[in-house]
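Here the structure comes first, spelled out in C-alpha cells, and everything after it is commentary.
Read the figures in this text as sums done on the coordinates, not as results from a lab. It should be emphasised that the depicted structure is a prediction, and the values quoted were computed from it without experimental measurement. Neighbour counts run over all protein chains shown; Cβ positions are idealised from the backbone, glycine included.
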Amino acid sequence: MKRIYQIAMAVTLASITTVSHAGVKLSATNGTNFTSAATTFLPLNAAGATTVSFNLTAAKKMVLTFSTECSVDAPAGNSTAWVDIDIIVNGAVVSPTTGALDGFCSANGTAGFDGWETNSMTVVIPGIVGANSVRIQARLNAGATGLWFGERSLVVHD
C-alpha cells in the first residue's frame with residue numbers, strides 16, 4: 001500500500017511541476033526610426049537586415065507576432081490613406097496579410113507624420129524543416145506619401 005501511495009504521489013508531483021513553455025525560435029528588434037516613400041522591406045534587427053531566419057527540426061505551425069510604432073504621411077485632409085504590411089515566410093505572403101486591404105496604420109488628415117501608434121499583427125505561419133525566412137513588406141495606399149516604422153519587434157514561437 002505504501003509503495004502505491006509513493007508512486008501515486010510521484011506521478012502527481014511530476015504532473016504539477018511539469019510546465020509547458022512556448023519555445024521562442026526567433027526574436028528580432030530594431031529601435032531605430034525608418035521612413036520610406038515607397039513599397040519597401042522593413043529592417044527587422046539591429047543590424048538592419050530585411051530578412052531574418054530560424055531553423056526547425058520538424059515542420060510545424062508557429063506563431064509570429066510583429067509589433068511596431070507606425071505613422072502615415074499624407075496630404076492635409078486625407079484621412080483615408082493607409083499603410084499595409086505583408087508578412088512573408090519562406091517566400092509566401094501569410095494570410096491575412098495578403099494584398100493591400102489589410103490596413104496596419106492610417107493617416108489622420110494632417111499633413112506630415114503624426115498620430116503615431118504602436119500596432120501589432122499576430123499570425124500562424126507554416127514552419128518547414130530546416131531554414132525558415134521571414135520578411136515584412138510595407139506598402140503605401142490611398143494617397144499615402146510616406147510611411148514611418150519605429151521600435152520594431154518580431155517574435156516567432158511555438
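What's the local net charge at Thr32, with K and R +1, D and E -1, over the other residues with C-beta under 14 Å away?
That sum, taken over residues with Cβ under 14 Å, equals -1.
I need to check one value: relative contact order of the chain, counting alpha carbon pairs closer than 8 Å and at least 6 residues apart, in percent.
Result for the chain is 39 percent.
Cα extents of the chain along the three principal axes, largest first, in whole Å?
Answer, in whole Å and largest first: 82, 30, 28 Å.
Sort the following peptides by mean Cβ neighbour count (other Cβ atoms within 10 Å, averaged over residues), highest first: 106-118, 71-83.
Taking the mean over residues of other Cβ atoms within 10 Å, the ranking is 71-83, 106-118.
Helix 2-17 versus the longest principal axis of the chain: what angle, 0 to 90°, nearest 10, using Cα atoms?
Helix 2-17 sits at roughly 10 degrees to that axis.
For an R0 of 22 angstrom, estimate the FRET efficiency from the Cβ-Cβ distance between Ala37 and Ala76 and round to the nearest 0.05.
Efficiency, rounded to the nearest 0.05: 0.85.
Between Val63 and Ala49, what length comes free when the chain is fully extended (0.36 nm per residue of separation minus the Cα-Cα distance, one decimal in nm)?
Working it through step by step, the gained length comes to 3.0 nm.
Place a label point 7 angstrom from the Cα of Val129 along the Cα-to-Cβ direction, then list the residues of region 46-67 whose backbone nitrogen is under 20 Å away.
Of the residues in region 46-67, 54-62 have backbone N under 20 Å from the label point off Val129.
Evaluate the Debye formula for region 37-93 with equal point scatterers sitting on the alpha carbons, no solvent, and hand back log10 of I(q)/I(0) at q = 0.30 Å⁻¹, in q order, two decimals.
-1.52
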